[in-house]
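Student: A single structure is presented below for examination.
The values are calculated or read from the model by the stated rules, or taken from the named source; none is laboratory data. Bear in mind the structure is a predicted one, so any value in this text is a computation, not a measurement. For neighbour counting, all protein chains shown are included, and Cβ atoms are generated from backbone atoms with ideal geometry for every residue, glycine included.
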Amino acid sequence: MSNGNPAISIRNITKRFGSSVIAVDDVSLDIREGEFFALLGPSGCGKTTLLRMIAGFEVPSEGEILIDGQDVTDVPPNHRPVNMVFQSYAVFPHMTVYENVAYGLKVVRTPGAEIDGRVREALSMVQLEDYADRKPDQLSGGQRQRVALARALVKRPKVLLLDEPLSALDAKLREAMQLELVRLQERVGITFIIVTHDQNEALSMANRIAVMDGGKVRQIAPPSELYEFPNCRFVADFIGKMNLFEGKVASSQNGELEAEVEGIGRLKLPSSDGANAEIGVAIRPEKIRLAKEAPGDDSITFRGQVTEIAYYGEASVIYVTNEAGHVVTANLQNEVRSTAPRVAVGEELWCCWDAADTLVLPE
């Protein structure tokens, strides 16, 4: 768990490729000691380039990187107290698990007696003690991934960098490995930085997440804060599912906005810092209640016809379209064991939610 001190400080880092491509654009952030930190965003947002600059594989065009308070901006990768686990694992197929993990120590001429103890310790960390004599082709994808982790951890880095480490695994194994990585990070106590485009991966693993878009960091926050209180349309739409409407502010006073919201009408909403004449109005699908009769309270309502139902086992997503063609999606938990649908395509329904659950997004 993080102790609050910065393990890595990134100061006004910019990375240009050629004269026209800005991959990372004036990024500043601190990553704390012992923290599990995620760089999250779509392809091309700059997250991998930023990770490679921390590792030393890319040189910043501007700015500086500090590790434990020391400027390492111009320090080569092999002299930085970090190690990296790549998406492809990059384990040597002709070596045993033991030899793969020992390789990095042998390169730096670590004494043989010390190598054996450290390799055994690293294999124990990733629960591969009984696989030391196997070759990579005798292992599962998850086990090969753990070999790559052990090979990185055996060097005892201050920071472990993970570049999309689970993307090659199938869905069930990926979910299991997410839990394993969290347990491993808590056990070894060093700083982990993971790059991922998978929002669920970041939300389930990280203490804090930096959401990137177009080379910039749009928001840094713990997972629950990112999900419940996104600071802009991009973060709201990228993290989880979201119903998003355009609104125009009619008045603002006493901590409350009155806005004309496209597809819904005039609404009273919680005020938001930085709200201008035009705002985004958003509601998560799981905050919406479905009703066949008009609610008798002061809920926000959206009436329409069920146009589509997507069944996902534990829940169904209900698509409700009003006369103006605007669509709201609502989650309906399948709590009762039954094959009979609770709602049907063509049915008229009310979508209702509390004003307090509505997000007002200034940009």
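Student: Can you tell me which residue is surrounded by the fewest Cβ atoms within 10 Å (Cβ to Cβ) among those in the range 79-109 that are among the hydroxyl-bearing types (S, T, Y) and modelled with pLDDT under 85?
Tutor: S88
Student: Next question, about the same structure. Could we say that T329 is polar (S, T, N, Q) and loosely packed, with under 15 Cβ neighbours inside 10 Å here?
Tutor: no
Student: Can you name the residue in the range 227-256 that is surrounded by 14 or more Cβ atoms within 10 Å (Cβ to Cβ) and over 31 Å from the mean Cα position of the chain (by Cα) and is also nearest to T321 (Cα to Cα) among such residues?
Tutor: Among those that are surrounded by 14 or more Cβ atoms within 10 Å (Cβ to Cβ) and over 31 Å from the mean Cα position of the chain (by Cα), it is V249.
Student: Given the range 1-92, what strands (runs of 3 or more DSSP E) lie entirely inside it while holding 3 or more residues that are more than 30 Å from V126 (Cβ to Cβ)?
Tutor: Here the list reads 6-17, 21-32, 62-67.
Student: If the Cβ limit is 6 Å and pairs must be 6+ apart or interchain, which residue in the range 142-167 that is on the phi < 0 side of the Ramachandran plot pairs with which residue that is part of a strand (DSSP E or B) and among the aromatic types (F, W, Y)?
Tutor: Between residues of the range 142-167 that are on the phi < 0 side of the Ramachandran plot and residues that are part of a strand (DSSP E or B) and among the aromatic types (F, W, Y), the close pairs are L160/F192.
Student: Now, a different point. I'd like the full set of residues that are within 16 Å of A150 (Cα to Cα) and surrounded by fewer than 21 Cβ atoms within 10 Å (Cβ to Cβ), limited to the range 110-122.
Tutor: Of everything in the range 110-122, those that are within 16 Å of A150 (Cα to Cα) and surrounded by fewer than 21 Cβ atoms within 10 Å (Cβ to Cβ) turn out to be E114, I115, D116, G117, R118, R120, E121.
Student: Going through D137, D74, D130 one at a time, which residue ends up being within 28 Å of I10 (Cα to Cα) and free of Cβ contacts under 8 Å to residues at least 60 places away in the same chain?
Tutor: After applying the criteria, what remains is D74.
Student: Determine if the range 35-56 includes at least one residue that is acidic (D, E), in the same structural domain as R187 (by TED's automatic domain parsing), under 22 Å from I194 (Cβ atoms) and surrounded by 22 or more Cβ atoms within 10 Å (Cβ to Cβ).
Tutor: Scanning the range 35-56 turns up at least one residue that is acidic (D, E), in the same structural domain as R187 (by TED's automatic domain parsing), under 22 Å from I194 (Cβ atoms) and surrounded by 22 or more Cβ atoms within 10 Å (Cβ to Cβ).
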